[in-house]
Structure formats: C-alpha cells, structure tokens
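Below: one structure, written as structure tokens.
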Amino acid sequence: MDQIDRIKHFEEILDRANEVHSKLEAALDDYAALMPLIAELEEYYSGEEWISDFEDDEAGKLPADLKRGVLSEDAVYDALTSDHELLINMLETVTKALRS
C-alpha cells in the first residue's frame, strides 16, 4: 500500500471509529436511562399486581382495546432475558476490547 492509500485507509478507519463511538455513547446513555425502568418492569412482572392484572385480563375485565403485551408471559420474559443477554454481550465485548 502506498503512502496516499495508507493515509486514506486509516482516515476511513478514524471516521468510522468516530461515527460508531458517537452512536455507542448515545445508545449507552439511552440504556442507562432505561435500566431503572427495566428493574421496575421486572418487579411488576414478579409481583402480585401483575398476577392480578393477568387474571383480570383472562376474566375479560379489561377493555378490549387496551394494549396488553405486558400481560403476555412470553413478551415480558423475553424482554428481560434479552436485557440479561445484552448485558453479558456488552461485558464480553468490553473484556475482549480491553484484552486486545
């Protein structure tokens, strides 16, 4: 690779790194703001209120037009599992980056 091509190549890497870092920083800020809400969802899902809401939905006591994905056992479980897997992925990625 000649000098000009080398400089262009590394300039592209620098530009890409700056772009990805910016996006990652924004995503991490969004995730940090979401963390207490995920904890709140987990507490609701494992508590008596969720059971009561689920039972009332099963009994037809809730409005038919009410969005109720949160009462789907699979939807909440999947979201919480995804959150856990994402945290593991972030930890593994950071560990790999620090070791390289």
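None of the figures in this text is laboratory data; all of them are computed from the coordinates on show. Since this is a predicted model, take the numbers as computed values, not measurements. We place every Cβ from the backbone using ideal geometry, glycine too, and count neighbours over all the protein chains shown.
Once you've got the GNM for the chain with C-alpha springs shorter than 10 Å, pick whichever of ASP78, ASP30, ASP15 has the biggest mean-square fluctuation.
Between ASP78, ASP30, ASP15, it is ASP15 that shows the largest mean-square fluctuation.
Taking the Cα centre of segment 3-99 as origin, work out the dipole magnitude from +1 charges on Lys and Arg Cβ and -1 charges on Asp and Glu Cβ, in debye rounded to 20.
Roughly 820 debye, rounded to the nearest 20.
Between GLU58 and VAL70, what length comes free when the chain is fully extended (0.36 nm per residue of separation minus the Cα-Cα distance, one decimal in nm)?
Gain on stretching GLU58 to VAL70: 3.0 nm.
For the charge dipole of the chain, defined by +1 on Lys and Arg C-beta atoms and -1 on Asp and Glu C-beta atoms about the Cα centroid, which residue among LEU14, ALA64, LEU91 has the Cα displaced farthest towards the positive pole?
Working it through, the farthest residue towards the positive pole turns out to be LEU14.
Kyte-Doolittle cut-off -0.5, length cut-off 20 Å along the helix's own axis using Cα: show which whole DSSP H helices in the chain pass.
Taking the DSSP H segments of the chain (at least 20 Å long, mean hydropathy at least -0.5), we get 3-45, 73-99.
State the label only: which of (1) -0.53; (2) -0.75; (3) -0.48 corresponds to log10 I(q)/I(0) by the Debye sum over Cα atoms at q = 0.14 Å⁻¹ computed from the shown model?
Given (1) -0.53; (2) -0.75; (3) -0.48, the calculated one carries the label (2).
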